[in-house]
1. Could you tell me whether any residue of segment 470-490 is closer than 28 Å to R101 by Cβ, part of a helix (DSSP H, G or I) and at pLDDT below 90?
2. Enumerate the pairs (first residue in segment 135-146 and closer than 15 Å to K312 by Cα; second residue anywhere and at pLDDT 95 or above and part of a helix (DSSP H, G or I)) with beta-carbon separation below 6 Å, excluding pairs fewer than 6 apart on the same chain, so at least 6 apart or on different chains.
3. From the set of residues in segment 549-567 that are touching a Leu at 6+ places or on another chain (Cβ under 6 Å) and hydrophobic (A, V, I, L, M, F, W, C), which is nearest to I642 (Cα to Cα)?
4. What number of residues in segment 281-302 are touching a Pro at 6+ places or on another chain (Cβ under 9 Å), part of a helix (DSSP H, G or I) and either open to solvent by 50 Å² or more (accessible area, probe 1.4 Å) or polar (S, T, N, Q) (or both)?
5. For segment 560-578, which positions are closer than 30 Å to I501 by Cβ and open to solvent by less than 80 Å² (accessible area, probe 1.4 Å)?
6. Checking V325 against (1) in contact with a Lys or Arg (Cβ under 9 Å, 6 or more places away or on another chain); (2) in contact (Cβ under 8 Å) with a residue 12 or more places away in the chain: exactly one of these is not met. Which one?
7. Looking at (1) in contact (Cβ under 8 Å) with a residue 40 or more places away in the chain; (2) open to solvent by 60 Å² or more (accessible area, probe 1.4 Å); (3) under 30 Å from N671 (Cα atoms), find the lone condition where A317 falls short.
Amino acid sequence: MLFNAHYVQAQKVGLVMSGGGASGIAHIGVLKALEENNIPVNCISGTSIGSIIGGLYAAGYSPLEIEQMVKDQTFSNLTKGEMSPKFGYFVRKRDDYASWRTLKLNLNNSLISNLATNLINSVPIDFYLMETFAPANAASGYNFDSLMIPFRCVASDIEKKRSVVFRDGDLPSAIRASMSYPFYIRPISIDSALLFDGGLYNNFPSDVMYEEMYPDFIIGSSVTENSQLPSDDNLYLQLRNMLMSKSNFTPVCENGIIIQPWADVSVFNFESAQRLIDSGYVATIRRMPEIKAHISNYENALQLAQKRKDFKEKIAARRMIYNKVVVKGVNPKMQRFVTKSITNKRDTFSSKQLKRQYFRLMADEKIKSAYPTTKLDSASGKYTLILNTKKDKPLFFDIGGNLSNRPISNFFLAAQYNHIGKIGFTAYVNGYLGKLNSSTHAKVRFEFPTKIPFYIEPSFTLSRWDFYKSSALFYDFEKPSYLVQEDIFGELNIGAAVGNISKIVVTGGASEWRNKYYQVDEFTRLDTSDVSLFDFGYGQLSYQINTLNRKQYASEGTHLLVRAKFVSGVENYYPGSTSLDTVSRISGPGHDWFNFKITIDKYIKPIKYFKIGVFAEGVYSSQDFFRNYSASILSAPSFNPIPESQTLFIDDYRAHQYMAGGLKAIATPYNNVDVRFEAYLFQPVLSILKTSDNQATYSTPFLYRHFLGMGALVYHSPIGPLSVGVNYYDKNDNSFSFFFHFGYTIYNKKSID
């Protein structure tokens, strides 16, 4: 709408950008159209997403640069609280279990105080804003009027029920406060005030523009309408109407115009960036004749380019080199832990080095937040990093498991205690309960923030696998083979980081591995089973890379495992009533072997909505045969590439040496919905065969090979995957099996694997 049609000799043009979530990406198109038509922007004010886009422009970024930033996958990940896998810290990543959700508790707090206050992880956003805006902030002398374009943004102080205007200080924090949408992203404190999204009290700060920056003409870009009403099935609109005050979308000065691009996307949907940018551009071009009617002094492209170049040279002159870390909010012991984790005993460190160390620190689940700000020391030309740090709640409780159409359903529960002082300490215990698997696993971990961070982790595991109760399919009433495995072992792991995404682990352990089975197909309740008992010790060296996006049904990233293991132990055999052996116990022989394993699982994305996975695995073991065929095949390495395969005991997919590979085709027609097809070839070097007297022997090399595969529809719900599909195992009595799972088929590991 044109508020005053008469010609005005405008000398100062102000641009006001509203909040509105993802819809605010349209502001970029507005900037593009204004620059292309040489319309000057002499000052900017913004709220929420408007503060981000306006802040970038004020800090010297061109519309094209801003467009490239928001269309990059990094920006999309930030809006979901995710960071690039290369900045994850695998050595501090929690091990994969069947957990659906983690509840964090402080027993000194009330139940309400223990509830989560944010939906996404704000750590990646916090660092991104500091990294992006801190150099311009220093170049402006921490005065927003001295940015390339004078700038204002607003946040909301909910205690005093008022809008807060930022004119100077820490620019990244001002923008971060302005975009802290309630329940979505954690609010921050500035000058002891807890601040939320500026749109709560002022979603279109034209009054701030008029009263503080004195423009002759205001151009408003609004992507929020006051008329949206809540509905009984839209939680976002309910919250928004409860929290947000009605904003005045009318420029308060005599001359002004409002541009309203198409912006019909949900508040957190940043996937339509190009469409929104185009919408802002087109909407501005349509109003361009009215805008030009108010402009007398144009800014040509060369003048603007020189202005931007000059400001960027000021930024470059203040290169971000840090020489000091100040940790606030925690006790002195934790301050030392955080400082050592960041500095790595360096006197100075660059932004690149800081980024790697910062995300390493924030991968520690004992730390809730370490909000970063910077301050330039004009005397030394170096920066101080200030980390406002908070410990996370000390108690974690996990609940999870798997619900299945087959009798393999289980329940998972875990508890964890965290403490951080000069070193980090974690105590963890879990339990699985189900027909197939019942187990418990306990461990403690001591983490040392040395130059190469490492941990020491003793653990104990007790598990029982009952394939007799769980091997039947829901439509198959044939009597399955009897097989019960019991595993008791203790380990000591010493692990160290190798870069951010990989680790090396040295392991030593001792185990009692007990198998109960029948060597015949026909047996009665009066028969007693054979028992093979293998008491052994082992040493292991493993190297692992993991950037997979999910712990099950991954579709992005890479997993690499290289492992060398030495096993030495003694076998004891107790024949049952159906055995050909008549003695009560056979002791020995001893078994010593070396095992080498390499597994690669990698995903590529040739086109949008479609991904290809490549899987390869090779195993070499010098293992010899045990007392009989059953005992030998039970201890042999197994190939389990699809989730359900580890719940079945199929002889054909076990061998001492094998090569295997497969391909995965993954289509994603809808967000969080995958259609997966996986096919694998298993090639034993020497297949293990059963002789007429129940002994084991090898086949001719490469005589047999086997196929298996899976087709599945998977919905990745907020608490776990819901999957339905069909598995295929060739040369099996029931080659095809239908499955329905909700949750994870992930278990505590076995000692012999």
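The values are calculated or read from the model by the stated rules, or taken from the named source; none is laboratory data. Values in this document were obtained by computation on a predicted structure and should not be read as measured data. Note: ideal-geometry Cβ built from the backbone for every residue, glycine included; neighbour counts use all protein chains shown. Surface areas here come from the heavy atoms of the whole protein model, side chains and all, with no ligands, DNA or RNA. Shrake-Rupley method; radii C 1.70, N 1.55, O 1.52, S 1.80 Å.
1. The answer is yes, given that some residue of segment 470-490 is closer than 28 Å to R101 by Cβ, part of a helix (DSSP H, G or I) and at pLDDT below 90.
2. N137/L171; S140/S146
3. Ranking the qualifying residues of segment 549-567, first place goes to A554.
4. Of the residues in that region, 3 qualify.
5. Selection gives L560, L561, V562, R563, A564, K565, V567.
6. Among (1) in contact with a Lys or Arg (Cβ under 9 Å, 6 or more places away or on another chain); (2) in contact (Cβ under 8 Å) with a residue 12 or more places away in the chain, the lone unmet condition for V325 is (1).
7. So the condition that A317 fails would be (3).
Okay, residues lined up against (1) buried (at least 16 other Cβ atoms within 10 Å of the Cβ); (2) of a type outside the set (A, V, I, L, M, F, W, C); (3) assigned to a strand (DSSP E or B):
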residue: Y371; (1), (2), (3): yes, yes, yes
residue: A379; (1), (2), (3): no, no, no
residue: Y383; (1), (2), (3): yes, yes, yes
residue: T389; (1), (2), (3): yes, yes, yes
residue: I399; (1), (2), (3): no, no, yes
residue: I408; (1), (2), (3): yes, no, no
residue: N418; (1), (2), (3): yes, yes, yes
